[in-house]
Amino acid sequence: MNRYWWVLIPVIFLAAFSGPIAAAVKTDGKLKKVILVFSAGVVFVCSIAIIASLFAK
């Protein structure tokens, strides 16, 4: 389960700072939506993997 944190922590920071990242790139909000959807997908997949690993033991 520890290896999932190597993915989850950067994704959480990416989602938290999606607004400033989109502002720095000067987009019209599409980049922020893409970052948030990507982050949500990664969190969802990691959550499923964590739950599956808990039941596999």
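General remarks:
- Qualifying positions in segment 28-45 - open to solvent by less than 60 Å² (accessible area, probe 1.4 Å) and at pLDDT below 90: Gly29, Leu31
- The set of residues from segment 9-27 being open to solvent by 90 Å² or more (accessible area, probe 1.4 Å) and either at pLDDT 90 or above or of a type in the set (A, V, I, L, M) (or both) comprises Ile12, Phe13, Phe17.
- Complete set of residues in segment 1-47 that are outside any helix (DSSP H, G or I) and closer than 30 Å to Lys57 by Cα: Met1
- If the condition is being open to solvent by 60 Å² or more (accessible area, probe 1.4 Å), aliphatic (A, V, I, L, M) and free of Cβ contacts under 8 Å to residues at least 24 places away in the same chain, then segment 46-56 contributes Ile48, Ile51, Ala56.
The values are calculated or read from the model by the stated rules, or taken from the named source; none is laboratory data. In this text the structure is predicted, and so the values were computed from the model without any measurement. We place every Cβ from the backbone using ideal geometry, glycine too, and count neighbours over all the protein chains shown. For accessibility, only protein heavy atoms count, side chains too; no ligands or nucleic acids. Shrake-Rupley method; radii C 1.70, N 1.55, O 1.52, S 1.80 Å.
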